[in-house]
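Worksheet: one structure, shown below.
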Amino acid sequence: MDILKQRILKDGKSLPGGILKVDNFINHQMDSVLMYQCAEELMRLFADKKITKILTVEASGIAPAVLVGYLAKAPVVFAKKATPKTMDKHYVTTVHSFTKGRDYDVLVSKEYLNAGDRVLFIDDFLACGNAALGMADLCRQAGADLVGMGFLVEKSFQGGREKIASAFPDLRVESLATVTGLGDGTIELK
Ligand code: 5GP
């Protein structure tokens with residue numbers, strides 16, 4: 001998606017360790033117009049999938065997920081990284097965080113992920129694919145049907161797409177901008 005690529009080149013920052021900082025328009029300040037355009041494109045890519053639920057993981061996936069959910073007229077569920085006292089029964093899985101360098105549990109209430117749901121997972125980044133595989137595991141536990149994964153930005157040099165493809169060869173995975181390399185202050189896009 002050209003407009004997103006241009007914005008990454010204009011305002012993205014390449015940080016050490018293969019991290020792309022996009023705090024100016026996705027992760028801290030959010031460009032709501034750009035985010036909505038991204039949601040429209042994701043909706044177009046998954047229009048044939050009869051989605052009944054959007055799943056994301058807090059916090060940075062929530063904004064794009066809500067906009068996709070709005071367009072799909074589907075509820076949006078965000079997996080939580082801490083167990084609220086008010087949550088009884090839940091599905092839980094462990095995810096390794098690439099940016100934080102540690103494992104954490106993510107969970108979803110059994111009330112909000114069900115057998116029969118046709119789930120689209122939305123997130124800001126696809127890096128190593130750990131968050132995505134964790135969400136797939138939550139869907140499996142719930143008996144929900146995972147029908148696709150959509151990302152704003154994919155870092156193709158971190159192997160996430162291959163990891164997802166080897167676990168789910170038929171799953172449609174789409175990203176709106178693909179970063180092929182991050183150097184010392186440089187960003188390469190496909
Ligand atoms: P993965 O599980 O695919 O390794 O990483 C995905 C998660 O890590 C995303 O939810 C995203 O929040 C975070 N992440 C991974 N790489 C980056 C990055 O380069 N920049 C930012 N801002 N977040 C990232």
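Read the figures in this text as sums done on the coordinates, not as results from a lab. These numbers come from a predicted model, not from an experiment. Glycine also receives a Cβ, built like all others from the backbone with ideal geometry; neighbour counts cover every protein chain displayed.
One table, with the values for the structure above:
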{"item": "Local electrostatic count, LEU15, Cβ distance below 11 Å [Lys/Arg +1, Asp/Glu -1]", "result": "0"}
{"item": "Likely footprinting exposure, CYS38, CYS139, fewest C-beta neighbours within 10 Å first", "result": "CYS139, CYS38"}
{"item": "Across LYS5/LYS73; LYS100/LYS163; LYS21/LYS49; LYS5/LYS155; LYS53/LYS80, pairs whose alpha-carbon gap is larger than 24 Å", "result": "LYS5/LYS73; LYS21/LYS49"}
{"item": "Neighbour-count ranking [beta-carbon atoms within 10 angstrom, fewest first] of ASP31, ASP88, ASP145, ASP117", "result": "ASP88, ASP145, ASP31, ASP117"}
{"item": "Folded to 0 to 90 degrees: helix 130-142 orientation relative to the chain principal axis, Cα", "result": "20"}
{"item": "Residue-by-residue Karplus 3J(HN,Hα) for segment 65-70, coefficients 6.51, -1.76, 1.60, Hz, glycine and proline x", "result": "5, 5, 5, 5, x, 4"}
{"item": "Residue-wise HN-Hα coupling along segment 16-24, computed from phi with Karplus coefficients 6.51, -1.76, 1.60 (Hz; x: Gly, Pro)", "result": "x, x, x, 9, 9, 8, 10, 5, 6"}
{"item": "On Cα atoms only, tilt of 2-11 relative to the major axis of the chain in degrees", "result": "70"}
{"item": "Segment 86-190: GluC sites (Glu not before Pro) falling in loop per DSSP and having at most 15 other Cβ within 10 Å", "result": "GLU111"}
{"item": "Using alpha carbons only: equivalent-ellipsoid semi-axes of the chain, gyration tensor based, whole Å", "result": "26, 18, 16"}
{"item": "Rel. contact order, % - alpha carbon contacts under 8 angstrom, at least six apart, segment 1-91", "result": "21"}
